[in-house]
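Worksheet: the structure to be examined is printed underneath.
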Amino acid sequence: MSITDTTPAMKVDVATENPVSYVDWSAILAGAALASAVSFVLLAFGSAIGLSLTSVHSNTGISMVGFAIAAALWLVWVQVSGFMAGGYLTGRLRRRHFDATETESDIRDGSHGLTVWAIGVLIGATVAFSGVTTAVSTATSAVSSVVSGSVSAASDAVSNLDDSLLVDRLFRVEPSATPTATPAGNADTSAEREEITRVFASSIASGELTDADRQYVTSAIAARTGLSPEEVQQRVDQAWTQVEELKASAADAAERARRIAVVAAFITAASLLLGAVGAYYGAVMGGNHRDKQTVIPGWTRPW
């Protein structure tokens, strides 16, 4: 196997004695500033448009799916527009070293555009660091709830059952009923309420209301309300059904949060990659316009 020397199509004289760097940081910083400013303005407009499409009333305004699609498209548009504008400015301002072919010059312009994109991403990440940390923490909590069967979420939902309508319904005394444990129907039932709350919380952790716990709850409520065991049993069954519904709702909410976090992460990553493409393309375009001294009508004399 041999290496064949090929004659280049164009000979380039490289000024090796020139100490000036090929990286034009002033042009890069100018482009990064413009990209950040354009992105901020477009995001502000997008927030206003998004708020105008939503409503505090149910079944009005844009749907959640439609809102998510619109937000994703707008985010992509913001990233591409901002970085393309910043890349174009950088390519137009970059000082060209006439020691390379046009192809090499285009690559250098595009590389400056990618540097603008990198600086813009770092600036955005720094500004939004606290918000990103909160979002990641929320997403992690949601995933943990799903993995654990949302037991902790459901337990939190019923940790204060003694003050909720659910326990009130268990101890509700019918006007025709005669409590057997106390002479007055409005006697203090705080001890029983706290104990029944602990029974339900323990049952949620184990995933089952045992027969012994069910029998105890039924007897305690029957003694306080004067209802028959069959009627109390119906109340206990309804209460347990509501607890399971709370558990299912907590699991569904955690799963939705996980899915939203995953989709948001993919959309953010895709929009950033498209922004890199836009920055490279804009910088190459700006460099070509710089070399050809292209004049855009209306830009030099806006008045």
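Readers should treat all values here as calculations from the given coordinates under stated rules, not as data from a laboratory. As the structure is a prediction and not an experimental result, all values here were calculated from the model. Cβ sites come from the backbone with ideal geometry, for glycine too, and all protein chains shown count toward neighbours.
Listing for the model above:
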| read-out | value |
| --- | --- |
| Virtual spin-label span in nm between residue 33 and residue 259, 7 Å along Cα→Cβ | 4.5 nm |
| Net +/- balance of residues flanking residue 108 in space, Cβ distance below 13 Å, scoring K and R +1, D and E -1 | -3 |
| At R0 = 45 Å, FRET efficiency that the Cβ-Cβ distance of residue 241 and residue 122 yields, to 0.05 | 0.30 |
| Residues 292, 247, sorted so that the one with the fewest Cβ neighbours within 10 Å comes first | 292, 247 |
| Förster radius 41 Å - calculated FRET efficiency between residue 206 and residue 70, Cβ distance, rounded to 0.05 | 0.40 |
